[in-house]
Amino acid sequence: MQLFSLATLLLTGSTFLANAQPMTEDPRAEHIVNAFRHAWSGYRQYAWGHDELRPLSNTTSNSRNGWGASIFDGLDTMLIMGLEEEYQEALEHVKNVNWYSTTEPSKTFETNIRYLGGLLAAYDLRPDQVLLDKAVELAETVIMPAYDTPNGMPAAYVDVKTGKPTNDKNLILAEFGSLQLELVRLSQLTGEQRYAEIANDVIYAIDKVDTPYPGVYPITWNLDTFSPSSSYITISGGGDSYYEYLLKTYLLTDGQEKQQLDMWKKSVASMEKYLRSDTSGGMVFLAEIQENYKLLRTGELVCFIPGNLLLGARYLGDSELTTFASELMKSCYDTWAVTPTGLAPETWSWIDKSQNMSSFPDVMQDAMRTTGYIPRDLHYDLRPETIESIFYFYRITGDSKYQDMAWKIFESIEKYCKTASGYTRVDDISTATEIKGLDFEESYFFAETLKYLYLTFTDPSVMSLDEWIYSTEAHAFKLEKPIEVQAKF
Ligand SMILES: *[C@@H]1O[C@H](CO)[C@@H](O)[C@H](O)[C@H]1NC(C)=O
Ligand SMILES: *[C@@H]1O[C@H](CO)[C@@H](O)[C@H](O)[C@H]1NC(C)=O
């Protein structure tokens, strides 16, 4: 691991200028639309109809059943950005997709967030019966069959040809515990209550399961016993959207899912009490738990949480929670700001301020002194989480410093991730040189990342948080009754 220089640290973090630009027509929004156009044209030219383009070799991959995941994930982004021609072409693909064309089982969670979520969001933005018909067809073909188990808990995979759950008994909290937002919206749009009921029942069942940390659960579960099969607790991948959706489902149902709000509040209290860890440099992170040990490690995937906490804090008028969310936000952003590339590592650890620094190896002490944390996995995977939280902070506080943060991140992405046909992950965020020449690519099309960036620079009345709720895949669902969470710009 290469350590970042002290000079880099000193040069960053203190350059935010007050921004008095008018709220409309921010030229930065147009740059982000151009980034989307660039990625889309590469995908369209070399990978149309496949799930993803590999943006270095211009070859394709199909990680999500080959139904054209990039198209479904991009539908609402195209409508929001006003890319009409691109949208019409995408809609043609959507109309003609055949769910039975796949040879792989459908992963219930991924199909739900990408395909069902993408269809519903596009429908909410521009109602077109074909989108809702496709959504119902998909739900009936591969999502509802997942619940066809002895105890009604959704299986991780469904065999598309037979319409039966596969025999896999392993469940992941975020996968079975965050299907409800999309299915509630499907019920609201169709008037058919089965979808919402079957998904919400799983959440109520989770609430009945014992845990030493109220509201917070291990990530691996057994389908038959419907109980945790290990003690490993994380808010990162495997846990993340479970917590996120408790609040969002409450908001989407206009407060009807009070039990889910209570579950969210309980989980947030436990995050603060058991997972919170402060460094002597003032950073605040959420740790993990295994066998009652607190593991001081986290990663970019957890950086959605500041935005989710701020949304809840603003809605509930909870100033203490606002402070907690802000501490986490600043720390997430600083993991980007202090690196030579301005890109954040995938994972990192740290030394808690209660620990004796000098008892740790020099390399760890040096990292704590120079960057404030200890980078572990140095990839950047085009992840949206910190950008997503910045979007919430900008829209909810109205403070333009968050736009400047988003812009700095976007500039780093442009500089280090852009290829001739799209955007690629980078494998070492600590080496500011040689990144572009790496023979390393990832099949990933980042409509989600660009959507949050774009919406941080549009007029804030566009896709207002008062009127829309965003899924874990950044798909926007219309609130039947507006709420008041955005700043008055
Ligand atoms: C991929 O496509 C772009 C854009 O058409 C092109 O400039 C580039 O050379 C291609 N790369 C490879 C490896 O063929
Ligand atoms: C901290 O650790 C160092 C090195 O292990 C040790 O010499 C020192 O006594 C410790 N300080 C405290 C306050 O425990």
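Points worth noting:
- Hey, E434 at pLDDT 90 or above, surrounded by fewer than 18 Cβ atoms within 10 Å (Cβ to Cβ) and away from ligand 2 (no atom under 16 Å from the Cβ) or not: no
- Test: residue in region 275-297 that is assigned to a helix (DSSP H, G or I), at negative phi and hydrophobic (A, V, I, L, M, F, W, C): yes
- Test: T60 is modelled with pLDDT of 95 or more and at negative phi: no
- Looking across region 169-198, the residues that are closer than 12 Å to Y242 by Cα and aliphatic (A, V, I, L, M) come down to I172, L173, A174, L179, L181.
- In summary, G13 fulfils each of the numbered conditions (1) modelled with pLDDT of 90 or more; (2) among the small types (G, A, S); (3) farther than 23 Å from L120 by Cβ with the single exception of condition (1).
- Of all residues in region 109-141, those satisfying the criterion of being more than 23 Å from the chain's Cα centre (by Cα) and in a helix (DSSP H, G or I) are Q129, V130, L131, L132, D133, K134, V136, E137, E140, T141.
- Cβ-Cβ contacts under 6 Å between residues 6 or more apart (or on different chains), taken from a first residue in region 45-69 that is closer than 16 Å to Y423 by Cβ and assigned to a loop (DSSP other than H, G, I, E, B) to a second residue that is away from ligand 2 (no atom under 16 Å from the Cβ) and acidic (D, E), are listed as L56/E441.
- Helices (runs of 4 or more DSSP H) contained entirely in region 298-399, each with at least 2 residues that are under 22 Å from the mean Cα position of the chain (by Cα) and away from ligand 2 (no atom under 16 Å from the Cβ): 305-316, 319-337, 385-397
- T225 being surrounded by fewer than 19 Cβ atoms within 10 Å (Cβ to Cβ) and over 23 Å from the mean Cα position of the chain (by Cα): yes
- Annotation: R44 fulfils all but one of (1) basic (K, R); (2) modelled with pLDDT under 95; (3) under 30 Å from E25 (Cα atoms); the unmet one is (2).
- Residue in region 110-123 that is touching a strand residue (DSSP E or B) at 6+ places or on another chain (Cβ under 7 Å) and more than 25 Å from D381 (Cα to Cα) present: yes
- Listed by first and then second residue, the pairs linking a residue in region 358-385 that is free of Cβ contacts under 8 Å to residues at least 24 places away in the same chain to a residue that is within 16 Å of ligand 2 (Cβ to nearest atom) and of a type in the set (S, T, Y), with Cβ atoms under 9 Å apart and 6 or more places separating them unless they lie on different chains, are Q365/S358.
- Scoring Y243 on the criteria (1) under 30 Å from M368 (Cα atoms); (2) surrounded by fewer than 21 Cβ atoms within 10 Å (Cβ to Cβ); (3) touching a residue at least 60 places away in the same chain (Cβ under 8 Å) leaves a single failure, condition (2).
- Qualifying residues in region 408-430 (those that are away from ligand 1 (no atom under 16 Å from the Cβ) and closer than 12 Å to F446 by Cα) - the one modelled with the highest pLDDT: I413
- Test for E175: is it under 14 Å from T108 (Cα atoms) and free of Cβ contacts under 8 Å to residues at least 12 places away in the same chain: no
The values are calculated or read from the model by the stated rules, or taken from the named source; none is laboratory data. Since we're looking at a predicted model, the values are computed, not measured. When we count neighbours, we look across all protein chains shown, and the Cβ atoms used for this are built from the backbone with ideal geometry, even at glycine.
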